[in-house]
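Note sheet for the following structure.
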Amino acid sequence: MEEIKKMLAVVVGITTQLLIVGAASYSDSDHLLSRIAFGSCANQSAPQPIWEAINKFDPQVFIWLGDNIYGDIRRPFKIIGKERTIGPWKNVPRFIPSSHSEMLSRYNMAKNTPGYSRLRAKAKVIGTWDDHDYGLNDAGKEFSEKITNQRLLLDFLDEPQDSPRRKQAGVYTSYTFGPHGKQVKIILLDTRYHRDPLSSDGSILGELQWSWLRKELSGPPTSITIIGSSIQVISNLSATTGPLFYMESWGRFPKERNRLFKLIADTGRDGVFFISGDVHFGEITRYDCAVGYPQYDITSSGLTQAVEKVVPSPFHFIVRFLAWFTPNTMRVMSHNCRYRSCTYGEPNFGAIEIDWDAVPVTMKIQVRDINGLPVAGIDISLSELQAQSSTIKAGPYRRHCSLEVMLPWVVRYRLAILVYFVLTLLLLALVGLIVAAILVCTVCLSKCKID
Ligand SMILES: *[C@@H]1O[C@H](CO)[C@@H](O)[C@H](O)[C@H]1NC(C)=O
Ligand SMILES: *[C@@H]1O[C@H](CO)[C@@H](O)[C@H](O)[C@H]1NC(C)=O
């Protein structure tokens, strides 16, 4: 029995090893990489004028961070009637997957967007997926179309037919660009294929992808390592927007998130930062108390999808006010931001410029608008992204260190308090109006009778 167990363990070990070794990775040591653009959330059926600005930025590499197309079908909000999509009485899901041929036609539409075609001709385009191009809103490992849809994404990205990435479970991969001593590594995670249900505090990456990631991070050092995650890594917006609404993020999987930070710390890798998408606004966040040096997460979302578009333009100021009013502990606030909130709820893309001649090497990372103008940005020197001997410990409250869930509850829930307060006022006003109307009517009626 013991023998069989041992043999099994060896076989499993070897298979895992083969799978990990087989994972895709790409290397180009000829070209120094100094201009990278990234973006997410592009509706293939909507006009995409932002490619103009991205082409003008002239990136050598463009990174898709997911929702590269909207593949699923969204039913309208319906509280009453036959097909109800919200409320406790709902009887159909709000989102449903579309057919294979519909997915294919949406990808074709996206690929033939004129500005994007021009970009593809000049820049190397790489990417990962998020829920809507995976095939279904908020879907994880249970989603049955994932194998077919993996092929569709890899076709969209022109992944070679013999690439190991077409044979593995999930689309995670890595790239190394630049000559020795000036290398940039780009690691793209798959946050869908192996993800456990939301609120399970289970896994996002799955064991196989974790082993692969460990190998990638412990591998040969590079000056810069960019980790692309479709969902935000550092901001935990749900902690301050709940119970009104919740967003997907690494913060919703606290154990998994700690494992990620611990892995970066354990491998001793310097120069790591994150880029992300998903949320339909742009922001830059920073967390000082995870690894031995500040962790940045630059979020650009979306190329077409943006929170301010949800309401007519005269009401955009309300969206901006709410963005400013919602508390946060990790966002990088700077007077250079376009708006006070330092978030940007209109279409945007991310732009990274590396100055290899500066000593130490510096990076300018910006979220840019549809005209290519910065709306938020940071300049980071690589010497800042190096482990310090003394790690910072969380004090009573420290910006870029205390988690959102540590905020006093009046602060943490002030958005919900404000919304419920306004709703109550509106309701009272409505009741008052009805009562007044009834009173006026009865007075009128009795007067009529007397007359
Ligand atoms: C995409 O754009 C089309 C055309 O403007 C619109 O009808 C559709 O609702 C949009 N889809 C999403 C997911 O925003
Ligand atoms: C993020 O917020 C959610 C919702 O409040 C909470 O359950 C979770 O623990 C938070 N995660 C972290 C890392 O603080």
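Residue by residue through the stretch 130-135, what is 3J(HN,Hα) from phi via Karplus (6.51 cos²θ - 1.76 cosθ + 1.60, θ = phi - 60°)? Round to whole Hz and write x for glycine and proline. Listing the rounded values in order: 10, 5, 6, 8, 4, x Hz.
Is the shape of the stretch 59-172 best called rounded, prolate or oblate, per the rule: a/c under 1.5 gives rounded, else a/b larger than b/c gives prolate, else oblate, with a ≥ b ≥ c the square roots of the Cα gyration tensor eigenvalues? In terms of gyration-tensor shape, prolate.
For the peptides 347-356, 418-427, the ranking by mean Cβ contacts within 10 Å, running from highest to lowest, is 347-356, 418-427.
What ranking do 293-301, 232-240 get when scored by the average of other Cβ atoms within 10 Å per residue, highest first?
Numbers: 293-301: 26.0, 232-240: 24.2.
Descending packing order for the listed peptides: 293-301, 232-240.
The calculated FRET efficiency for the pair residue 155 and residue 449, based on their C-beta separation and a Förster distance of 56 Å, comes to about 0.10. Residues 158, 133, arranged from fewest to most other Cβ atoms within 10 angstrom of their Cβ, appear as 158, 133. Projecting the Cα atoms of 114, 24, 301 onto the charge dipole of the stretch 24-411 (Cβ charges, centred on the Cα centre) puts 301 farthest toward the positive pole.
Exposed loop sites, defined as trypsin sites (Lys or Arg not before Pro) outside DSSP H, G, I, E and B with at most 10 other Cβ atoms within 10 Å, are absent from the longest region of the chain, namely 83-392. Think of it this way: in the chain, 41, 441, 444, 448 stand alone, with no other Cys Cβ under 4.7 Å. The angle separating the long axis of helix 2-22 from the principal Cα axis of greatest extent in the chain is about 80 degrees. Taking the alpha-carbon centroid of each part, what is the distance from the stretch 66-108 to the stretch 139-194 in angstrom? After rounding, the separation between the Cα centres reads 25 Å. Of the cross-linked pairs 56/78; 56/167; 122/182; 141/182; 141/262, those separated by over 31 Å at the C-alpha level are 56/78; 56/167; 141/182.
The Cα center of the stretch 306-350 and the Cα center of the stretch 282-298 differ in position by 19 Å.
Amide H contacts under 5 Å for residue 72: none, restricted to partners 5 or more places along the chain or on a different chain, H placed in the peptide plane at 1.01 Å from N.
Could you point to the residue in 180, 386, 128 farthest towards the positive end of the chain's charge dipole, with +1 and -1 charges on the Cβ of Lys/Arg and Asp/Glu respectively? Final value for the positive-end residue is 128. With θ taken as phi - 60° and the Karplus curve 6.51 cos²θ - 1.76 cosθ + 1.60 applied, the whole-hertz 3J(HN,Hα) list for the stretch 184-198 is 10, 9, 10, 9, 10, 8, 10, 9, 10, 4, 10, 6, 6, x, 4 Hz, x standing for glycine and proline. Taking 0.36 nm per residue of sequence separation and removing the Cα-Cα distance, the residue 27/residue 218 pair yields an extension gain of 67.1 nm.
Comparing the chain with the 2.2 N^0.38 Å rule of thumb, its C-alpha radius of gyration ratio is 1.10 (two decimals). Residues whose amide H falls under 5 Å from that of residue 195, counting only those 5 or more places apart or on a different chain, are 141, with hydrogens built in the peptide plane. Here 448, 342 are placed in order of increasing Cβ neighbour count within 10 Å, fewest first, which gives 448, 342. So what does the Cα-only Debye profile of the stretch 119-268 read at q = 0.15, 0.16, 0.17 Å⁻¹, as log10 I(q)/I(0), no solvent term? Taking Cα atoms of the stretch 119-268 as identical point scatterers yields -0.85, -0.96, -1.07. Converting phi to 3J(HN,Hα) with the Karplus coefficients 6.51, -1.76 and 1.60 and the offset θ = phi - 60°, the stretch 95-101 yields 10, 9, x, 9, 5, 4, 5 Hz in sequence order, with x at every glycine or proline.
Each reported figure results from applying straightforward, stated rules to the coordinates on display, with no laboratory input. A quick note: this is a predicted structure, and the numbers were derived from the prediction, not measured. With ideal geometry, Cβ positions are generated from the backbone for all residues, glycine too; neighbour counts draw on all protein chains shown.
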